[in-house]
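Here is the structure we will look at, set down as structure tokens.
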Amino acid sequence: MKNSDIFFQKENEIGWLELLKKLPEKLKICIFNEISLGNSLIALHYLNWPEQGSVVALLSKNFITKEFDKDLHFRELNDPHYCKEELSYVEGSVTHLIIN
């Protein structure tokens, strides 16, 4: 992970490996696939957004892969205040995201 100290304040740090463990398997597979294709994982956040318990992963570039598991929801947003693309998955009642 690039620049992890920038994205995690020491007093609030859960640890990126613990956050990765909380991410649903289907999203982990997407992240590993993106990394294998040359994308980078910049940060993992556990900010209880969009729901309590949500984990949000941030990639450095747009998704290289555009074919996703049928249970994943892909949106191309191009929102300068949020993100360019969003991939979400709901596990239980909690939405987890990968954005760029």
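The values are calculated or read from the model by the stated rules, or taken from the named source; none is laboratory data. Only a predicted model underlies this, so the values are computations on that prediction, with no experimental measurement involved. Positions of Cβ are backbone-derived with ideal geometry, glycine not excepted, and every protein chain shown enters the neighbour counts. Note: accessible area is taken over every heavy atom of the protein model, side chains too, but ligands, DNA and RNA are not part of it. Shrake-Rupley method; radii C 1.70, N 1.55, O 1.52, S 1.80 Å.
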| message | Every residue in the range 31-41 that is of a type in the set (G, A, S) and either over 12 Å from the mean Cα position of the chain (by Cα) or surrounded by fewer than 11 Cβ atoms within 10 Å (Cβ to Cβ) (or both), please. | response | S36, G38
| Which pairs do you get when a residue that is free of Cβ contacts under 8 Å to residues at least 60 places away in the same chain and among the β-branched types (V, I, T), found in the range 33-45, comes within reach of a residue that is surrounded by 14 or more Cβ atoms within 10 Å (Cβ to Cβ) and assigned to a strand (DSSP E or B), reach meaning Cβ atoms under 8 angstrom, with the pair 6+ apart or on two chains? | I35/L41; I42/L58; I42/L59
| task | Kindly provide the set of residues from the range 50-59 that are open to solvent by less than 50 Å² (accessible area, probe 1.4 Å) and polar (S, T, N, Q), ordered by number. | result | S54
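Which residue out of K28, K61 is under 17 Å from N100 (Cβ atoms) and free of Cβ contacts under 8 Å to residues at least 24 places away in the same chain?
Working: K61 fails: free of Cβ contacts under 8 Å to residues at least 24 places away in the same chain.
Sole residue among the options that is under 17 Å from N100 (Cβ atoms) and free of Cβ contacts under 8 Å to residues at least 24 places away in the same chain: K28.
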| message | Of the residues L20, L44, L27, only one is part of a helix (DSSP H, G or I), under 11 Å from the mean Cα position of the chain (by Cα) and surrounded by 19 or more Cβ atoms within 10 Å (Cβ to Cβ); which? | response | L27
| Subset of the range 63-93 [under 12 Å from P24 (Cα atoms) and open to solvent by 30 Å² or more (accessible area, probe 1.4 Å)] | D71, Y89, V90, E91, G92
